[in-house]
Amino acid sequence: MRYVNGSVILKGEKLLIYIYLHLTAVTFLLSCRLTVSMMSVINKSVFPQIAFRSEVLEYLHNVYTNKEIVSELGKEEAERVFDSLLSCLSHPPSLTCLRASTHTHSLQDIQQRLAQHVAQQQVSGSISDRVSTPILPHPQLPDVLLLPVRGPRDVSILNAEVIVGAQCGSAVLRGAHVFAPGLLSAPKFMKAGDPVSVFSDVEGRCTQGAKEFQGKKIFLGNGVCVMKRSDIFCPEGPVRGVAVRMVDALYQSPSFDGVLPGEVFLQNLPSVVVGHSRCDALGSNRIVMSDGVVVALDKIKSKVEKISENARTLRLHCIQAHCYNSIQAVSSELNPSGSQADAPPFPEESFDRILLDAPCSGLGQRPNMAINYSLKEVCSYQPLQRKLLRTAVQLLKKGGVLVYSTCTVTLAENEEQVAWALKTFPCLTLEPQEPHLGSQGMPGSELSCDQRRLLQRFRPELSWRGATDSHASEDLLFKANTDTIGFFIAKFSKR
């Protein structure tokens, strides 16, 4: 997720962003007890509910049917909402959200160039539907464009098939082509130009380089091979590039690979809201480069390199990315002079604003057919998040703003962390968020109703009505704020 675009860095202010690699590209190494019924034609069928280990499923069920929720909704409605959660998590959101670089181009200009690109895809056959794809500006976010995802569509299964990994399959459901590293199995004599059906291996049992696969799989749509089999599975090692170009996907969305670089990029809508949810600094329409600095920390080198690359592409010169463990980001040395450090560790109260995009269990990511985490793994993030919150409070100046976010659905990583932070750090106060597009916080923690109203929890299960293919403008704009990934945002100020 890229939070640096469209940021306003006020003169003399310093912003710290913790960016972690969410462990949401889950592996499917063990049986997830997922039953898949294959048909020769997909008739707007709904994917099976997401599959969890039984211990995780029970844990989540207890979260969504806790005493406070049952008292508020009733047992039957609480059960229905939880059932909807399991269903919607295996399906992609109804819209593709694009963040526009409005500090270099107007939204209208970008919208026009994007419309030309989508029209060209339709002419070239990259999109099988000839129905015009609307590109809508979000009515509340001035740097967001929305495109509908058409599906599930009626697509016939072909004789030849290829198998892709689960992570690749999730990307295909959101409009991507099949890139060579994600392809696991292909017919023995497959060559460029061959039409193939694309399936996702939901349990991680397909062997790289296999010629066929009889395990459990989910149909994603049809495509045309760009590479022959021998080029994909070559002895020299993995190749890069598009291996199968999707032309008739079960969920149809334009491909944005390499489209308008420096002008637009894909970003889930709740992640955009994080940026706008203050800092007033993050997410406004322009950048003030004067004395402001954005410091991004991540302990994974490849992520730091990507942050720097993105900053160059977006022409953001105020970004300083460091490969560093954020837990250790506070300097133990006294700083009586009040001078600012150029690299971590930093003196206490060094930053005006901090965005803590916390490492989390990632259970709100969509689409996901199965997650094989153990309960121990799911529960392992809370202690790490508290260490990071403690560091963030130390680094934040008095009067500063701390935004905490996750892409998961548990209470332990969201509302319970807010309750813990308010109790542990009396200097923190919950603040209203603007814009507030999500729901309020969930019952079940020690937070009051008033406190929960100040939180934002994006809950796609609340509006889930099954997989539909409605593209009326009013429906799309409603879905933009509701049919999202599962996400949580809290905003604090420090007295």
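The values are calculated or read from the model by the stated rules, or taken from the named source; none is laboratory data. Computed from a predicted model, the values in this text were never measured in an experiment. FYI the Cβ positions are ideal-geometry reconstructions off the backbone, even for glycines, and counts take in every protein chain you see. Note: areas computed on protein heavy atoms with side chains; ligands, DNA, RNA excluded. Shrake-Rupley method; radii C 1.70, N 1.55, O 1.52, S 1.80 Å.
Ignoring ligands and nucleic acids, what accessible area does LYS75 show with a 1.4 Å probe (Å², nearest 10)?
100 Å²
Whole angstrom only: what separates the Cα centroid of segment 187-260 from the Cα centroid of segment 59-122?
Cα centres, segment 187-260 to segment 59-122: 27 Å.
Got a number for the accessible area of PHE219? Probe 1.4 Å, square angstrom, nearest 10.
Estimated to the nearest 10 Å², PHE219 gives 10 Å².
Taking the Cβ of VAL70 as the centre, find all other residues whose Cβ is under 10 Å away and add up their charges (Lys, Arg: +1; Asp, Glu: -1).
For residues surrounding VAL70, the net value is -3.
How large is ³J(HN,Hα), in whole Hz, for each residue of segment 93-102 in order, when computed from phi with the Karplus curve 6.51 cos²θ - 1.76 cosθ + 1.60 and θ = phi - 60°, using x for Gly and Pro?
3J(HN,Hα) across segment 93-102, in whole Hz: x, 6, 10, 8, 9, 10, 8, 9, 7, 6.
For a 20 Å ceiling on Cα separation, which of these pairs sit above it: LYS301/LYS491; LYS75/LYS376; LYS14/LYS397; LYS299/LYS387?
Pairs exceeding 20 Å: LYS301/LYS491; LYS75/LYS376.
Report the local net charge at PRO137: Lys and Arg +1, Asp and Glu -1, summed over other residues whose C-beta lies under 13 Å from its C-beta.
Every neighbour counted, the sum reads -1.
At a Förster radius of 35 Å, what calculated FRET efficiency corresponds to the Cβ-Cβ distance of GLU212 and SER156, to the nearest 0.05?
The computed FRET efficiency comes out at 0.95.
Among SER230, VAL264, THR207, flag the residue with its Cα farthest along the positive direction of the charge dipole of segment 194-280, charges on Cβ as +1 for Lys/Arg and -1 for Asp/Glu.
Farthest towards the positive end: THR207.
Could you list the trypsin sites (Lys or Arg not before Pro) in segment 142-192 that lie in coil according to DSSP, counting only those with at most 11 other Cβ atoms within 10 Å of their Cβ?
Those that pass, being in a loop and sparsely packed, are LYS188.
Quick one: which residues, 5+ away or cross-chain, put their amide H under 5 Å from the amide H of ILE17? H built at 1.01 Å from N.
Those qualifying (amide H under 5 Å, at least 5 residues apart or on another chain) are VAL295, ALA296, LEU297, LEU355.
Residue by residue, what Karplus-based ³J(HN,Hα) values in Hz, rounded to whole numbers, does segment 198-211 have, using 6.51, -1.76 and 1.60 with θ = phi - 60° and x for Gly and Pro?
10, 10, 9, 7, 7, 10, x, 9, 7, 7, 4, x, 5, 8
Rank these by accessible area, largest first, 1.4 Å probe: GLU236, GLU55.
Result of the area sort, largest leading: GLU236, GLU55.
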